[in-house]
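The values are calculated or read from the model by the stated rules, or taken from the named source; none is laboratory data. All values reported here derive from a predicted model rather than from experimental measurement. Note that we place each Cβ from the backbone using ideal geometry, even for glycine, and neighbour counts take in every protein chain shown. These area figures cover heavy atoms from the full protein model, side chains too; ligands, DNA and RNA do not enter into them. Shrake-Rupley method; radii C 1.70, N 1.55, O 1.52, S 1.80 Å.
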There are 2 protein chains.
Amino acid sequence: MLEWLRQYRRAALPGDISAGIVVAMMMIPQGMAYALVAGLPPVVGIYASIFPPLLYALFGTSTTQSVGPMAIVSLMTASSLASLATPGTGLYGVLAAQLALMSGLVLLLCGLLRIGFLANFFSRPVMSGFTIGSAIVIAWGQFGTLLGRPLSLDMAPHWPSIALGVGALLLLVGAREFLAPLLRRVGVRASGADIVAKLAPMFVVLGATALVPLLGLDQMGVATTGTVPAGLPGLNLATSSHHWQALLQPALLIGFMVFLISMSGAQALALKRGGEKLTSNRELIGLGAANVGSALSGGFPVTGSISRSAVNFAAGANTQLASMITAGLLALALVAPTGWLALLPLPTLAATIIVAVLGMLDLSTLRTAWRYDRADALALLATSGGVLVLGVEAGVLVGVALSMGSLIWRASRPHIAVLGRIHGSEHFRNIDRYSAETTPGLLMLRVDAGLFFGNVEAVNERIDEELAAHAGTRHLVLVLSAVNAIDTSALFALVELNAALAQRGISLHLAEVKGPVMDRLRDSELLGKLNGEVFLSAAKAWDRLAGSSAAGTPVASA
Amino acid sequence: MLEWLRQYRRAALPGDISAGIVVAMMMIPQGMAYALVAGLPPVVGIYASIFPPLLYALFGTSTTQSVGPMAIVSLMTASSLASLATPGTGLYGVLAAQLALMSGLVLLLCGLLRIGFLANFFSRPVMSGFTIGSAIVIAWGQFGTLLGRPLSLDMAPHWPSIALGVGALLLLVGAREFLAPLLRRVGVRASGADIVAKLAPMFVVLGATALVPLLGLDQMGVATTGTVPAGLPGLNLATSSHHWQALLQPALLIGFMVFLISMSGAQALALKRGGEKLTSNRELIGLGAANVGSALSGGFPVTGSISRSAVNFAAGANTQLASMITAGLLALALVAPTGWLALLPLPTLAATIIVAVLGMLDLSTLRTAWRYDRADALALLATSGGVLVLGVEAGVLVGVALSMGSLIWRASRPHIAVLGRIHGSEHFRNIDRYSAETTPGLLMLRVDAGLFFGNVEAVNERIDEELAAHAGTRHLVLVLSAVNAIDTSALFALVELNAALAQRGISLHLAEVKGPVMDRLRDSELLGKLNGEVFLSAAKAWDRLAGSSAAGTPVASA
């Protein structure tokens, strides 16, 4: 913990300071916007941007990850709380913080149980499908706020809101598309131009906020943030046990997605830097601490944001000191006079959300998957569809089910080769790929995967098929050169296979059993009951058994 | 469908007839007992024993599987319905049949979607743990019925019930332990003796039923089955949509367990027979049809019972005609005068349940796992504990989570070897196991698993570690001889790896790419962007790259 701070090199400081400032300017509008997505007052987004990065800096492992509010996690928060409280009420805010607390505890527990390998749970297409579905749901949910009216044909348009919302939308899209190229053309460095373009939301929000008192837009009915109390609220735990129970399942799902989202972003950045070592179990603890921290300051669930982390990295962040500077600046913003925040127009904030999440609508994964592996493309579309039709929580479950199904399907189809001898040598190869000789009465199979519950049935079936195809087999040799482990289910299956083969007059032999596998088998009942032998090599098995067969002439195969 | 009937050989008939009769005599007390476990009147167990085996005979693939009521599925039924209706009410019976209908539809749908490979979902220890936990819950639940009183210190014992219950218990345990050896000693064949011992419950139940009117036990307060209407009831679909919704999740879980329980039994039998081909997707359809059939006759969820199927097999069943004969005999029992069934004493039925499920308390898997693989033993205990502490449904979920966790853990640890050249040859081997030479600047890694979302991070991490351990590497060669597939996630990871390595001045090369993998890669962006080459063999890569390195002298490794 904090090892990076003890080894801190002076040279890293300028980059960390500039990144800290840039990310703070990005974090203020983004935090407020994602609080709005979560159904909370915008200022709560600032509450959730102070402790989380500080705590992540203490416990996490990524050097440039920026932890705080994030669009998809905010959507999941809103969806989880929808049935429990009404947005805008005090209860809603209390439950949001409790949800962050429980998600944080779930993450801490997973970290202590060292189950970070679960980060391998989602395939890339499933994650992309989930992101696309969520982005559409979030953007759609903000249109009412953007236009100042619930989406309905019955209501007259509210032109001042539309002007602020759509105007901001056009400015932001324009900045994203044209600002960076323009700045580069006038001589600004490429990385600098990109960073300025990323700060456009800050300037648009500030400009719109300035327009409100100038034009008296709040008098004309434009919704604004409203009075913002100075300082941080505390954690309120006083809700009913019914609420705690109802939050348990959402906390599990949110904790899971917080981890997946943060890890995928951190891994992408680590790859760019090279040599950075992420430890998934420590990431779990860092994210858990960040969420508990968010709860303690009245916030809501947070995670690492890939877009903000990328800016952090591009703006020169070398260590987590950058994030600590960001947190310090946000804390300052909260103790400074916050009166100006009250006039921040919600339609403009909605515009920043829509532009941000439409940036997540990346269809390149879908295009690549469609050309490369149709099944992966369909999994992507099914996950997107799940989020759009069934909701974001069901979408996560659809994604889990698809990823797991694909994992089981793969695991249940191990590669199994019938081996033959390369003529005149001691080498044994797959007879489908090499011209290798076999001998009647002797069947040699090589299983190219560890034997475990997920594939023992497939192995059994294949053995049955090959025995049917090689009538008259008297010796079956399993060549275990690629088997690194045999679990208890597979051990039972081998014992039963041995007994079943004995009844059919076939001996079961093992060959090329690896050292660690043999150590375990030695204590098991399999070796005692085996009605064949254990051979050091396939060649030794061939020498011993090919001779003992009734018809001993080797047959060349194709 | 019914192919076996078209090919029916006369010689199979005597075995099928004797097995049909024996299983019918076993099915009558067992069906009634398991109806009681499900919280239903005993006669419903007979309703559920007629259509299911007939429909399974039409659609299933196992030749000797006996489909009908089964203890664990009955426990799950009771647990699912507990919050929806009170046992004994009409609504409870209607919901039980609807649950069978929905479970059956779930199974049919899974069969049509061809996702039978999910049978590989549970490891053997997890299944054993689930069975042990369920057996204890079932036995515990029957003690009140056995003693004629709810288990409570406040109530006086009801001696006539205790006499019937405990007496039956002692007789059944005695029969199980001593009857078969005794019969064998007096000259009965071993298989015949075993079958007679299995029919003990039938005789004990008949004897106890005869005692009731003889001794006037019903007048003394012994609970009996009560009047049984002749004939089969129909399916009642008229419940609220709230009920249908509440049954959805239980139907998914029950469908899942019906499939797993039936498949594990059928696979064990198929192995014993040898050469029998089970098709998991057709099994799903057979079991689905059986459950829909159970629903149509006012039954409850059913599955293949391993104990009954084993008796069916031992009694000579050659085809599903045996099960059809059993079904016919049970139908006869129902149209025959059913007055005698009314006097069947429940304490005796409870005794048959307790003896049957205690037979499921097989601790040998636990013992083997404990010695062979401690993690598997702990998974078994956790699943048992889950069933006992959290209930049977949560127990299934604990089992799924443990099995999946283990699957992901395995998948996320592919075997990766650093390759070196066997001196003077074209063979390349793992330098940890063989004395093989490496050359500075060139790192060759062989990944012994298909590349997919579950292991790409592990591969990335290992590459980073090896690059750190082999400073000065200019060429990284991935030897893909064992890679049968590369999914979309892994494709993206390779593209990103290629870009990241390029930034660090390292070329990425591929070698020994298999044909089908190459066909797919050829259309992908990876090959276009690759900053290295694709080699046909590891030897060709060595010849080309070892020479091009700055320091070209090979170094021998241990």
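One table, with the values for the structure above:
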| quantity | calculated |
| --- | --- |
| HN-Hα J in Hz across the stretch A:71-78 - Karplus 6.51, -1.76, 1.60, θ = phi - 60°, x for Gly and Pro | 3, 5, 5, 5, 4, 5, 4, 4 |
| Label point 7 Å beyond Cα along the C-beta direction, distances from A:Gly472 to other copies (nm, shortest first) | 6.0 |
| Angle between chain A longest axis and helix A:200-215 axis [Cα atoms, degrees, rounded to 10] | 30 |
| The stretch B:363-409: relative contact order in percent, alpha carbon pairs under 8 Å with at least 6 residues between | 23 |
| Aspartates and glutamates whose Cα lies under 16 Å from that of B:Lys514, excluding same-chain neighbours fewer than 8 positions away | A:Asp432, A:Asp448, B:Asp448, B:Asp487, B:Asp523, B:Glu533 |
| Within the accessible area of the stretch B:326-371 (1.4 Å probe), percent carbon and sulfur | 73 |
| Relative contact order [Cα under 8 Å, 6+ residues apart], chain B, whole percent | 23 |
| In degrees, nearest ten, helix A:488-503 long axis to first principal axis of chain A (Cα) | 30 |
| Antiparallel bridges, percent of DSSP beta bridges restricted to the protein assembly as shown (to nearest 5) | 50 |
| FRET efficiency for B:Arg504 and B:Glu533, using Cβ-Cβ distance with R0 set to 25 Å, rounded to 0.05 | 0.90 |
| Nearest-first distances (nm) between copies at A:Leu182, label 7 Å from Cα via Cβ | 10.0 |
| Partner aspartates and glutamates for B:Lys272 [C-alpha distance under 13 Å; skip if fewer than 8 residues away on the same chain] | A:Asp464, A:Glu496 |
| Formal net charge of residues neighbouring A:Ala315 (Cβ-Cβ distance under 13 Å; K, R +1; D, E -1) | +1 |
| Normalised contact order of the stretch A:250-364, rounded percent, pairs of Cα under 8 Å and 6 or more residues apart | 23 |
| Cβ neighbours within 10 Å from other chains - mean over B:453-463 | 4 |
| The stretch B:165-286: C-alpha gyration tensor shape, a/c 1.5 cut-off, then a/b vs b/c | oblate |
| Inter-label distance, nm, simple model (7 Å from Cα along the C-beta direction), B:Leu237/B:Trp409 | 4.6 |
| Overall form of the protein assembly as shown per C-alpha gyration tensor (a/c, 1.5; a/b vs b/c) | oblate |
| Acute angle (nearest 10 degrees) that the helix A:90-112 long axis makes with the longest principal axis of chain A, alpha-carbon atoms | 30 |
| Calculated label separations, A:Pro233, copies of the chain, 7 Å along the beta-carbon direction, nm | 5.4 |
| Approximate spin-label separation A:Ala82-B:Asp218, in nm, with each point projected 7 Å along Cα-to-Cβ | 5.6 |
| Projected label distance in nm at A:Arg6 and A:Ala468, using a 7 Å step from Cα toward the beta-carbon | 6.5 |
| 222 nm mean residue ellipticity, helices alone, for chain B (DSSP H n ≥ 4; -39,500 (n - 2.57); rounded to 500) | -19500 deg cm²/dmol |
| Rounded if a/c under 1.5, otherwise prolate or oblate - the stretch B:108-191, Cα gyration tensor axes | oblate |
